[in-house]
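A quick write-up on the structure given underneath.
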Amino acid sequence: MIAIAAVWVGIQVLMAKSELEQAVPLASAVQGAVAAGDLGSARSSVTALSQHARAAASHVGDPVWLAFEAVPFVGPNLSAVRQLTEIVDRIGEHAGEPLASLAASVDLAGFVPVGGGVDLSPILESEPVIRGVNSTLTQASVDVAAIDTSKTVDQVRSAVRQLATVVLTMKTSVDAVNRAVLLLPAMLGADESRSYLLLFQNNAEVRATGGLPGAFAEISTSDGQIEITRQESAAGIVFEDPVLDLPQETRGIYSELVSTFMGDVTLTPQFPITGALTREMWKRTYGTEVDGVISLDPVALSYLLRATGPITLATGEVLTSDNAVQLLLSDVYANYDDSADQDAVFASAAAAVFAALAGGQADPTALISALAQAGDERRILIWSAHEEDQKLLEGTTLTGDLPVSDASAERIGVYFNDATGAKMNTLLDTRIDVGEVTCRNDSRPYYAVDVTLANTAPLDAATSLPKSVTGPGTYGVVQGNIRTIMLVYGPPDSQNLGVSRGGERVPYHPATDLGHPVSQVAVELAPGESVTTRFYLLGGDDEHGELEIVHTPVLNLLESQELVVGCDEVER
């Protein structure tokens, strides 16, 4: 009798395993199809997912199965398979099916502005569904993590890891959508009129969060309607005293300029500080107290142009996704000598893209893809003066906060500020490499971060490039050279251990900022010159996630390489 029961359970395991192997990939397929707006694929994937999940569930959990869960060696595997099956079944019923139903009933085009406004009803109607799906996936991630695989075979452990990855991917995407459907109605004036300041960062003169603030546009929103009410540049917005009282450690690194000159509010990598400073300076200058600040750069504009198609500027130039960065960050300086004219072109481009988006000239799927890519690259940043809105943004790349490490990753920040006083960063190549080694008895790791910068300007840059690009040499930098301040932010539990170039230690400025150890050093490069600077850190704990770099969204980022670090090098 026991032998017959064992055979029965074995057959059920094989059948459940087959169904699970087909069901798990379909969960991520549903999420991908919904995000891409492919409603047909989403519905067919959900149907298949539900069928396989229910079939798998029908093979587990009967009295015979449950009895065998108590058997040593075999039991832990059966228990894990049962839990996996139950989780996949719940995902299919309470996440996959609602997502597909929502995709079938809501047209993505309804989320895109038309005629200067957004119809808020589809967003508001989708909120309960998205909230429920998000809750299901959050619980699923908890349940998967709770499955005990310490006594299971490799195949079961692998299946648990695969499901955990799928759930995390789905949860991340749905969580982002959930935040958006909660945040967007408020930002678009569903309950009361709002105003926001669009800050356009000019990457040709790099700053920690992207670039020099090149132009500003004040926009107002009311019941989904959006309009630009004012456009200005940062030039001339200067205050004798700091507009806000910043932490002493922040002032020590970035000087009083960050809180007295609108053109330097992006010196700090903490965008919440930038947002608060920008709002206060705008209020003192123009009398409007905006509800938040939204930043984007020309690279983000180029992504948005994939959705809108080509746009003709007031100057006659045609702006496309392929030429936007070149036109706005390079050609404009060759075509216009006066800085006011350059700012006007930049502002005109931003306004034209905004008008195209607000007027409904955007493919919804391409727009969602563009916004997602720009957000992932930290080329779109948002700060809200409303605490409840800011809380919804927490934990996303949109906040522009200092790096936060977690179980999955040990994050190190690498930021750049131009010290040339020019627009040479279109000609600066950047590569960031990271590695670690453990040498100490207490197992605390050493981290090394290599920052390689290369000036790709022609050797005759001082005479062949416009002065508006090379700068007039006002700050003591030879025309054609590029001087860059590099800042490396370690995790709060790490320590600065110095900086080297070519194997030789070099002077640097050690500091702290909001608990993060900071190493700051500058480098000046002549045309054709390349230099690698290595930053050393002592990590806080041997138990940490994979090393990950959070960095300024630069223009020319080369592919990184894994560093090999020696104990003798770090400890000498």
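Would region 424-431 turn up any residue that is touching a residue at least 12 places away in the same chain (Cβ under 8 Å) and more than 14 Å from V554 (Cβ to Cβ)?
Within region 424-431, the first condition is being touching a residue at least 12 places away in the same chain (Cβ under 8 Å), and the residues that meet it are 424-431.
Remaining after also requiring more than 14 Å from V554 (Cβ to Cβ): none.
No; the residues of region 424-431 include none that is touching a residue at least 12 places away in the same chain (Cβ under 8 Å) and more than 14 Å from V554 (Cβ to Cβ).
Tally the residues that are modelled with pLDDT of 95 or more and assigned to a strand (DSSP E or B), restricting the search to region 502-525.
So the count comes out to 16.
Looking at region 221-234, is at least one residue touching a Gly at 6+ places or on another chain (Cβ under 9 Å), without any contact (Cβ under 8 Å) to a residue 60 or more places away in the chain, part of a strand (DSSP E or B) and over 30 Å from K467 (Cβ atoms)? Explain how you work it out, then say what you get.
Residues of region 221-234 that are touching a Gly at 6+ places or on another chain (Cβ under 9 Å), as a first pass: 221-227, 233-234.
Cutting the leftovers down to without any contact (Cβ under 8 Å) to a residue 60 or more places away in the chain gives us 221-222, 234.
Those still in the list that are part of a strand (DSSP E or B) too: 221-222.
Filter once more, so that each one left must be over 30 Å from K467 (Cβ atoms): 221-222.
Yes, region 221-234 contains a residue that is touching a Gly at 6+ places or on another chain (Cβ under 9 Å), without any contact (Cβ under 8 Å) to a residue 60 or more places away in the chain, part of a strand (DSSP E or B) and over 30 Å from K467 (Cβ atoms).
What is the one condition in (1) outside any helix (DSSP H, G or I); (2) free of Cβ contacts under 8 Å to residues at least 24 places away in the same chain that D337 does not satisfy?
(2)
Looking at (1) touching a Pro at 6+ places or on another chain (Cβ under 9 Å); (2) modelled with pLDDT of 95 or more; (3) among the charged types (D, E, K, R), can you tell me which one E205 breaks?
It is condition (1) that E205 fails.
Within region 63-110, which helices (runs of 4 or more DSSP H) (wholly inside it) include 1 or more residues that are at pLDDT 70 or above and under 27 Å from T169 (Cβ atoms)? Working first, answer last.
Details: elements: 63-68, 74-91, 97-105.
Answer list for region 63-110: 74-91, 97-105.
Can you say whether G540 is in a loop (DSSP other than H, G, I, E, B), out of contact with any strand residue (DSSP E or B) (no Cβ under 6 Å at 6 or more places or on another chain), touching a residue at least 40 places away in the same chain (Cβ under 8 Å) and crowded, with 21+ Cβ neighbours inside 10 Å, as far as the supplied structure shows?
Working: in a loop (DSSP other than H, G, I, E, B): yes; out of contact with any strand residue (DSSP E or B) (no Cβ under 6 Å at 6 or more places or on another chain): yes; touching a residue at least 40 places away in the same chain (Cβ under 8 Å): yes; crowded, with 21+ Cβ neighbours inside 10 Å: no.
Against the criterion (in a loop (DSSP other than H, G, I, E, B), out of contact with any strand residue (DSSP E or B) (no Cβ under 6 Å at 6 or more places or on another chain), touching a residue at least 40 places away in the same chain (Cβ under 8 Å) and crowded, with 21+ Cβ neighbours inside 10 Å), G540 does not qualify.
Here's a check for you: in region 478-498, which residue that is over 28 Å from the mean Cα position of the chain (by Cα) and part of a strand (DSSP E or B) is surrounded by the fewest Cβ atoms within 10 Å (Cβ to Cβ)? Lay out the reasoning, then the answer.
Step one: list which residues in region 478-498 are over 28 Å from the mean Cα position of the chain (by Cα), which gives 478-481, 497-498.
If we keep only those that are part of a strand (DSSP E or B) too, we end up with 497-498.
Details: L497: 19, G498: 15.
Here the answer is G498.
Out of region 553-572, which residues are closer than 29 Å to A374 by Cβ and among the β-branched types (V, I, T)?
Passing the criteria: only V554.
Which residue out of D191, D241, D245, D223 is surrounded by fewer than 19 Cβ atoms within 10 Å (Cβ to Cβ), out of contact with any Lys or Arg (no Cβ under 7 Å at 6 or more places or on another chain) and closer than 30 Å to L137 by Cβ? So that I can check it myself, show each step before the final result.
Details: D241 fails: closer than 30 Å to L137 by Cβ; D245 fails: closer than 30 Å to L137 by Cβ; D223 fails: closer than 30 Å to L137 by Cβ.
On inspection, the qualifying residue turns out to be D191.
Take L304 and decide whether it is in contact with a Lys or Arg (Cβ under 6 Å, 6 or more places away or on another chain), within 23 Å of I226 (Cβ to Cβ) and assigned to a helix (DSSP H, G or I). If you could, list the steps in order and put the result at the bottom.
Working: in contact with a Lys or Arg (Cβ under 6 Å, 6 or more places away or on another chain): no; within 23 Å of I226 (Cβ to Cβ): yes; assigned to a helix (DSSP H, G or I): yes.
In short, no.
crowded, with 20+ Cβ neighbours inside 10 Å, over 29 Å from N134 (Cα atoms) and modelled with pLDDT under 90: is that true of A215 in this structure?
Working: crowded, with 20+ Cβ neighbours inside 10 Å: yes; over 29 Å from N134 (Cα atoms): yes; modelled with pLDDT under 90: yes.
Yes, satisfied.
Here are the criteria: (1) modelled with pLDDT of 95 or more; (2) surrounded by fewer than 20 Cβ atoms within 10 Å (Cβ to Cβ). Tell me which single one W383 does not satisfy.
In the conditions (1) modelled with pLDDT of 95 or more; (2) surrounded by fewer than 20 Cβ atoms within 10 Å (Cβ to Cβ), W383 misses (2) alone.
Just to verify a result, which residue in region 511-537, among those that are among the acidic types (D, E) and out of contact with any Asp or Glu (no Cβ under 7 Å at 6 or more places or on another chain), is surrounded by the fewest Cβ atoms within 10 Å (Cβ to Cβ)? I'd like the intermediate steps shown before the answer.
First pass over region 511-537, keeping only residues among the acidic types (D, E): 513, 524, 529.
In the following step, the residues that additionally are out of contact with any Asp or Glu (no Cβ under 7 Å at 6 or more places or on another chain) were identified as 524, 529.
Details: E524: 17, E529: 15.
For region 511-537, the residue satisfying everything is E529.
Quick one: in region 120-166, of everything that is among the polar types (S, T, N, Q) and outside any helix (DSSP H, G or I), which residue is nearest to L184 (Cα to Cα)?
Of all residues in region 120-166, those among the polar types (S, T, N, Q) come to 121, 126, 134-136, 138-139, 141, 149-150, 152, 155, 158, 162, 165.
Filter once more, keeping what is outside any helix (DSSP H, G or I): 149-150, 152.
Values: T149: 41, S150: 44, T152: 45 Å.
Among those that are among the polar types (S, T, N, Q) and outside any helix (DSSP H, G or I), it is T149.
Does A344 meet the test of being of a type in the set (A, V, I, L, M, F, W, C) and not in a helix (DSSP H, G or I)? Step through it out loud before you land on a result.
Working: of a type in the set (A, V, I, L, M, F, W, C): yes; not in a helix (DSSP H, G or I): no.
Considered against the rule, which asks whether it is of a type in the set (A, V, I, L, M, F, W, C) and not in a helix (DSSP H, G or I), A344 comes out as no.
List the number of the failed condition for Y475; all other conditions in (1) surrounded by fewer than 18 Cβ atoms within 10 Å (Cβ to Cβ); (2) part of a strand (DSSP E or B) hold.
Evaluating Y475 over (1) surrounded by fewer than 18 Cβ atoms within 10 Å (Cβ to Cβ); (2) part of a strand (DSSP E or B) leaves (2) as the failure.
Could you check region 373-464 for strands (runs of 3 or more DSSP E) lying wholly inside it with 3 or more residues that are in the same structural domain as G539 (by TED's automatic domain parsing) and within 24 Å of P517 (Cα to Cα)?
409-418, 428-438, 445-455
Working only within region 283-301, note down all residues that are of a type outside the set (S, T, Y) and either within 20 Å of L393 (Cβ to Cβ) or surrounded by fewer than 20 Cβ atoms within 10 Å (Cβ to Cβ) (or both).
Quick first cut of region 283-301, residues of a type outside the set (S, T, Y) only: 283-284, 287, 289-294, 296-301.
Within region 283-301, K283, R284, G287, E289, V290, D291, G292, V293, I294, L296, D297, A300 qualify.
Only one of these conditions is not met by E240: (1) over 22 Å from G210 (Cα atoms); (2) in contact with a Phe, Trp or Tyr (Cβ under 8 Å, 6 or more places away or on another chain); (3) part of a loop (DSSP other than H, G, I, E, B); (4) not aromatic (F, W, Y). Which number is it?
Among (1) over 22 Å from G210 (Cα atoms); (2) in contact with a Phe, Trp or Tyr (Cβ under 8 Å, 6 or more places away or on another chain); (3) part of a loop (DSSP other than H, G, I, E, B); (4) not aromatic (F, W, Y), E240 violates only (2).
For region 189-220, which positions are polar (S, T, N, Q) and assigned to a strand (DSSP E or B)? Reasoning before the result, please.
Just the residues of region 189-220 that are polar (S, T, N, Q), to begin with: 193, 195, 201-203, 209, 220.
Across region 189-220, the qualifying residues are S195, Q201, N202, N203, S220.
The values are calculated or read from the model by the stated rules, or taken from the named source; none is laboratory data. The model shown is predicted, which means the values in this text are computed figures rather than measured ones. Don't worry about glycine lacking a Cβ; one is built from the backbone with ideal geometry, like all the others, and counts go over all protein chains shown.
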